[in-house]
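S.K.: Submitted below is the structure of interest, expressed as structure tokens.
Just so it is clear, none of the values below were taken in a lab; they were calculated from the coordinates. The structure displayed is predicted, hence computed values, not measured ones. Counting neighbours? That spans all protein chains shown, and the Cβs are built from the backbone with ideal geometry, glycine included.
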Amino acid sequence: MLTELHARVKKHLRENDVRYSTGRQKFIAALHAAGGPRSATHLHTSELDDVPLSSLYRTLTVLENVGVLERTHDGDGVAMFELGEWLLGHHHHLICTSCDIVTDIDLGNDLENAVAEISATVAASHGFTMTGHTLDVLGLCEDCG
Ligand SMILES: [Zn+2]
Ligand SMILES: [Zn+2]
């Protein structure tokens, strides 16, 4: 999975004339290992603690501009980044309200269809043309609960 991810990112960057440097590869591997969106500060204090914050921000900017990263969950004014859905596939998030860790989850077909159906019903009843949906589940993670 990680090898395939690197290959897809590399191809996308090459098409956009952006070099897939060792630092960028390391960043993608770290974000993949994290299993959910992370803030620059979080990565800097955990998976990528040997990378200066300034170069981490540069990597984030480059990868976001080229569409490899998406910005998400900045409810407290803190931007979190995750791999674009075209790389990661459609998924949802569990958000721990205590430690702020966000975990990616795949609902499986039955639940996913149910969520899509509820979303479509809500949209239709408001004359709204639905183009997608997100589902965040808030609570306490195993460590915090
Ligand atoms: Zn937690
Ligand atoms: Zn969904």
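S.K.: Which of Tyr20, Tyr57 has the fewest other C-beta atoms within 10 Å, and how do the rest follow up to the most?
M.R.: Exposure proxy ranking, most exposed first: Tyr57, Tyr20.
S.K.: Fewest to most neighbouring Cβ within 10 Å: what's the order for Leu83, Leu140?
M.R.: Arranged by neighbour count, lowest to highest, Leu83, Leu140 become Leu140, Leu83.
S.K.: Let me ask something additional. Determine the relative contact order of region 34-145: mean sequence separation of Cα pairs under 8 Å and six or more apart, normalised by residue count, in whole percent.
M.R.: Averaging sequence separation for qualifying contacts and normalising by length gives 25 percent for region 34-145.
S.K.: Figure the gain on full extension for Thr41 and Thr134 (residue separation times 0.36 nm, minus the Cα-Cα span) and round it to one decimal in nm.
M.R.: 31.0 nm
S.K.: I would also like to ask the following. Summing -39500 (n - 2.57) over the DSSP H runs of n ≥ 4 in the chain and dividing by its residue number, what mean residue ellipticity at 222 nm do you reach, to the nearest 500 deg cm²/dmol?
M.R.: Counting only the DSSP helices, I get -14000 deg cm²/dmol.
S.K.: With a 10 Å cut-off between alpha carbons and a GNM built on the chain, which of Leu60, Leu87, Leu111 moves the most?
M.R.: Evaluated over the chain, the most mobile residue of the options is Leu111.
S.K.: Just to check I understand the Karplus step: with θ = phi - 60° and J = 6.51 cos²θ - 1.76 cosθ + 1.60, what whole-Hz values come out for region 83-94, glycine and proline as x?
M.R.: With coefficients 6.51, -1.76 and 1.60, one gets 5, x, 4, 5, 9, 8, x, 5, 7, 10, 10, 9 Hz.
S.K.: While we're on this one: What's the angle, to the nearest 10 degrees (0 to 90), between helix 2-15's Cα axis and the longest principal axis of the chain?
M.R.: Approximately 80 degrees, to the nearest 10.
S.K.: At a threshold of 8 angstrom on Cα-Cα distance, excluding pairs fewer than six apart, so keeping six or more, what relative contact order does region 1-89 reach in percent?
M.R.: Computed over region 1-89, the figure is 26 percent.
S.K.: Once you charge only the Cβ atoms, +1 for Lys and Arg and -1 for Asp and Glu, what is the size of the charge dipole of the chain about its Cα centre, to the nearest 20 debye?
M.R.: Computed about the Cα centre, the dipole is about 780 debye.
S.K.: Mind checking the full-extension length gain between Asp17 and Asn113? Use 0.36 nm per residue of separation minus the Cα-Cα distance, one decimal, nm.
M.R.: Working it through step by step, the gained length comes to 30.7 nm.
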